Amino acid sequence: YKIYYKTYPFSISASQQDHYTIDEMFEIFCFSFIKRDINILNNWILNKMNKINFRNHKKFLTVIQHFLFHYRYFFVYILNIEGFFIKVKGKLSVAGNAKKKVFFYKIGKVNLSKKINKIEHSQSVIKSTYGVLGLNMFLSY
């Protein structure tokens, strides 16, 4: 995967101050998809979102969305996953009268029927100062 990683470089300028890097993200996603264990990825996202400031949660999720967009063909065709779905639900912004929002992103085909594909599911809660966020992830292979 190192060869493919060098062909799609991109960086986020503010990633160093938010305690995450693209290299670390690439290794965690690859390891989780190779081992077919979504709990590794779930725990990593949970720890990172607890470490960063609440105001940067939406930016972190946008970085994950761009990361998955750039490497979607690598994950689907090289690592042989059928699909991946991530959903974060809750109060994502700090605006005065902010309401609950749903952030989701999907790559490949995610069929929730277990007849066709094998599915790994992970669910957790992220606690913040303004409430809780629900994190759901599905990996089908």
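The values are calculated or read from the model by the stated rules, or taken from the named source; none is laboratory data. Computed from a predicted structure; not experimentally measured. Here Cβ is always computed from backbone atoms with ideal geometry, including for glycine, and neighbour counts include all displayed protein chains. In case anyone asks, the SASA skips ligands and DNA or RNA and just uses the protein heavy atoms, side chains included. Shrake-Rupley method; radii C 1.70, N 1.55, O 1.52, S 1.80 Å.
It is to be established whether one or more residues within region 61-83 are out of contact with any helix residue (DSSP H, G or I) (no Cβ under 9 Å at 6 or more places or on another chain) and at pLDDT below 85. No, region 61-83 contains no residue that is out of contact with any helix residue (DSSP H, G or I) (no Cβ under 9 Å at 6 or more places or on another chain) and at pLDDT below 85.
Quick check on LYS87: is it surrounded by 15 or more Cβ atoms within 10 Å (Cβ to Cβ) and either touching a strand residue (DSSP E or B) at 6+ places or on another chain (Cβ under 7 Å) or not charged (D, E, K, R) (or both)? Yes, satisfied.
The set of residues from region 111-131 being β-branched (Val, Ile, Thr), open to solvent by 70 Å² or more (accessible area, probe 1.4 Å) and under 26 Å from LYS100 (Cβ atoms) comprises VAL125, THR129. Evaluated against (1) modelled with pLDDT of 85 or more; (2) basic (Lys, Arg); (3) open to solvent by less than 90 Å² (accessible area, probe 1.4 Å); (4) more than 18 Å from LYS106 (Cα to Cα), ARG36 falls short on exactly one condition, (4).
All conditions in (1) of a type in the set (Gly, Ala, Ser); (2) surrounded by 15 or more Cβ atoms within 10 Å (Cβ to Cβ); (3) within 14 Å of the chain's Cα centre (by Cα) hold for GLY134, with the sole exception of (2).
Mind checking whether some residue in region 48-55 is out of contact with any Asp or Glu (no Cβ under 6 Å at 6 or more places or on another chain), at pLDDT 85 or above, of a type outside the set (Asp, Glu) and in a loop (DSSP other than H, G, I, E, B)? So far as region 48-55 goes, no, none of its residues is out of contact with any Asp or Glu (no Cβ under 6 Å at 6 or more places or on another chain), at pLDDT 85 or above, of a type outside the set (Asp, Glu) and in a loop (DSSP other than H, G, I, E, B). Within region 97-122, being under 25 Å from HIS66 (Cβ atoms) and either in contact (Cβ under 8 Å) with a residue 40 or more places away in the chain or among the hydroxyl-bearing types (Ser, Thr, Tyr) (or both) holds for PHE103, TYR105, GLU120, HIS121, SER122.
Among residues of region 48-76 that are within 19 Å of VAL102 (Cα to Cα) and open to solvent by 70 Å² or more (accessible area, probe 1.4 Å), those with a beta-carbon under 6 Å from a residue that is of a type outside the set (Gly, Ala, Ser) and not in a helix (DSSP H, G or I) at least six positions away or on a different chain give the pairs ARG55/VAL94; LYS58/LEU92.
Against the condition part of a helix (DSSP H, G or I), under 12 Å from the mean Cα position of the chain (by Cα), at pLDDT 85 or above and surrounded by 14 or more Cβ atoms within 10 Å (Cβ to Cβ), how does PHE103 come out, does it pass?
Details: part of a helix (DSSP H, G or I): no; under 12 Å from the mean Cα position of the chain (by Cα): yes; at pLDDT 85 or above: yes; surrounded by 14 or more Cβ atoms within 10 Å (Cβ to Cβ): yes.
Here the answer is no, as PHE103 does not meet what is asked.
Scanning region 90-100 for residues that are surrounded by fewer than 16 Cβ atoms within 10 Å (Cβ to Cβ) and of a type in the set (D, E, K, R) turns up LYS99, LYS100.
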